[in-house]
Amino acid sequence: MNKVLAVYAAQESLSRGRRYKEPPSVYRGEYQRDRDRIIHSTAFRRLMYKTQVFVNHEGDLYRTRLTHSLEVAQIGRTVAVALQLNEALTEAICLAHDLGHTPFGHAGQDTLNACMRDYGGFEHNLQSLRVVDVLEAKYADFPGLNLMFETREGILKHCSQRNARDLGDVGERFIERKQPGLEAQLANIADAIAYNNHDVDDGYRAGLLSLDQLRRQSLFGDRLELVQARYPGLDDRRLIYEVIRRMIGSVVSDLIEETRRRLVEAAPRSIDEVRNAGKPLVAMSDAMFEQHSALKKFLHKHLYSHEKKLAMTREVQAMVKDLFAAYMADAGLMPDEFAEAARGLDGAGRARVVADFIAGMTDRYAITAHESIAG
Ligand code: MG
């Protein structure tokens, strides 16, 4: 925990607080409590068996949503401490940012969204907020985890104007076109830094990306040259790690320096001045952003759209579609709590319960559920 917070960091004493009032904790700060509630949530444990890029059963060593979220938090905390931001809040947002993700990664999310087209759609980021606000049933006094406003603000990264109007306090900034606090801005970028780097590692391990391809990406290639000059003949596995470590180090250092520069320039004196700054203040330099974006585009083209991944995607799409159709036709196929919630509902009401159920599934749960409806 940081000893001294900058004036532009989120401060508990100035927080917009929780939706349901609660007595303070004796030993923990409020954002620490949020982090702890997230770690103890059911949705957090399920991240262990949810796809990041590679479907869980493809191998034990690939990132899952859980290890991805931990890497995001790791990067976020380092930067938060360096900039005197609120470390516990940053960690809470990072750990919660993917709680609403469906099984099977983006293929699962896109398919569920298509199934929900006539019923208000499905968006994993919105679902993360729904998980902490509504779906986690852990407390007798209120629904959800009753997190602090700033944590919820950070979880809701983006949102359409239509949805913003239905979301109350956390939706306001999208209507007023304001920025979120710095910890939220940071968590968002830490997410991108984490996946850009770990997907290079996983893609290489899977044999879908080669050193020759990666060499042509300047973020990777420049550091590869340095490592090869210093350690000639180093085996490929260590070589990749040495390069990725340097990539993360360079991007994170650049992020800290550029953000410091922007903070000096904008000189916000409070989180509200950060919200009104007109642009994000946590950012990479233009040069680094360009390299980082180029790598992201490269991964889209050569990893996320790789033929081997697309074959898996088609399987997953069919599975999610079948599950959705089966539960819409017969809500009694879902476990009691969901069947009960869907009772007497049709159309959009029933579809939302079905989407909540499917989105909560782990990869392997979805595969088993699909076998049982097909059988
Ligand atoms: Mg993520």
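Residue count for segment 45-66, restricted to those that are under 14 Å from Leu99 (Cα atoms), surrounded by fewer than 21 Cβ atoms within 10 Å (Cβ to Cβ), within 12 Å of the ligand (Cβ to nearest atom) and touching a residue at least 60 places away in the same chain (Cβ under 8 Å): 0. Is it the case that Thr90 is β-branched (Val, Ile, Thr), in contact (Cβ under 8 Å) with a residue 60 or more places away in the chain, crowded, with 17+ Cβ neighbours inside 10 Å and within 16 Å of the ligand (Cβ to nearest atom)? Yes; evaluated as a whole, the condition is true for this residue.
A count restricted to segment 338-354 and to residues that are closer than 14 Å to Met116 by Cβ and either outside the structural domain of Ala325 (by TED's automatic domain parsing) or without any contact (Cβ under 8 Å) to a residue 40 or more places away in the chain (or both) stands at 4.
Residues are listed down the side, and each one gets a yes or a no for (1) loosely packed, with under 15 Cβ neighbours inside 10 Å; (2) within 22 Å of His302 (Cα to Cα):
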position	(1), (2)
Phe220	no, yes
Pro232	yes, no
Arg237	yes, yes
Val243	no, yes
Ile256	no, no
Thr259	no, no
Arg275	no, no
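For Ala318, the criteria (1) assigned by TED's automatic domain parsing to the domain that holds Glu58; (2) in a helix (DSSP H, G or I) hold in every case but one, which is (1).
For segment 109-130, filtering for residues that are away from the ligand (no atom under 14 Å from the Cβ) and assigned to a helix (DSSP H, G or I) leaves 12.
Rundown of residues vs (1) in contact with a helix residue (DSSP H, G or I) (Cβ under 7 Å, 6 or more places away or on another chain); (2) surrounded by fewer than 18 Cβ atoms within 10 Å (Cβ to Cβ); (3) under 25 Å from Glu307 (Cβ atoms), yes/no style:
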| position | (1), (2), (3) |
| --- | --- |
| Glu183 | yes, no, no |
| Ile189 | yes, no, no |
| Tyr195 | yes, no, yes |
| Arg215 | yes, yes, yes |
| Glu225 | no, yes, no |
| Gln228 | no, yes, no |
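The values are calculated or read from the model by the stated rules, or taken from the named source; none is laboratory data. Since the model is a prediction, treat every value here as computed from it, not as a measurement. In this analysis, Cβ positions are derived from the backbone assuming ideal geometry, glycine residues included, and neighbour counts consider all displayed protein chains.
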